[in-house]
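Take a look at the structure set out below.
Laboratory data are not the source of any read-out in this text; all were calculated from the coordinates shown. Everything numeric here is computed off the predicted structure, so don't read it as measured data. Backbone-built Cβ (ideal geometry, glycine too); neighbour counts: all protein chains shown.
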Amino acid sequence: DLGAEIGISGPAIYRYFPGKEAILAEMLVATSRRLLDGAKARVAAEPTPRAALLALIDFHTEFALADRDLITVQYRDLGSVPERERHVVRELQSAYTNTWAGVLQRVYPELTRERAASAVHAVFGLLNSTPYSARGSDPAAGKQLRAMAAAALASAGEMSKPKSGTTDR
């Protein structure tokens, strides 16, 4: 299938890759790099932290709706990737999460790094559920996902603010 997609015979792929695990590793590393690079570019292009956060939500929503198969492969097959490349994927994913968490903390300064990362992971879970939840090409799906992600992150930020008359967070 891969060979047909790029216009070569299936066996010809193995001139470029030693095996299926190498193909999978390259695909997941490249996807993780694309996400991190895209997130950094979106953040850099925005004038305010709030605009940057909305741009990140748009970026990941676009990815989740366009690349449902990659999300499925990531969840299902990351364990099949050789350890070295799996480590690279995890490092890139961590940097991606940290990019989001840093922006979220700039929008909600009271939010601890741990809570920011937790909120970001929850939103990734929501957005990355698209292989199972967003069927077809319903244009409303993206709008709904964006709104839900924004509401979830706002909720995390609002909950981090101290209540008047209390020190409880």
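Computed values, structure above
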item	result
Coarse-grained scattering of segment 15-155 at q = 0.18, 0.19 Å⁻¹, given as base-10 log I(q)/I(0) from a Debye sum over alpha-carbon atoms	-1.05, -1.14
Overall Cα dimensions of segment 22-66, principal axis frame, Å, largest first	40, 20, 9
Whole-angstrom gap from segment 95-126 to segment 49-91, using each part's C-alpha centre	15
Local electrostatic count, L24, Cβ distance below 12 Å [Lys/Arg +1, Asp/Glu -1]	-1
Around V103: net Lys/Arg minus Asp/Glu count, Cβ-Cβ under 11 Å	+3
Gain on full stretching of the segment that runs from D138 to D58 - 0.36 nm per residue minus C-alpha separation	27.2 nm
Cα-Cα P(r), segment 83-151, percent of pairs per 5 Å interval	3, 15, 20, 19, 17, 14, 9, 2
Cα pair distances in segment 56-113, grouped into 5 Å bins until the bin that holds the longest one, percent each	4, 15, 17, 22, 18, 13, 8, 2
Added length on full extension, which subtracts the Cα-Cα distance from 0.36 nm per residue, A122 to A30	30.8 nm
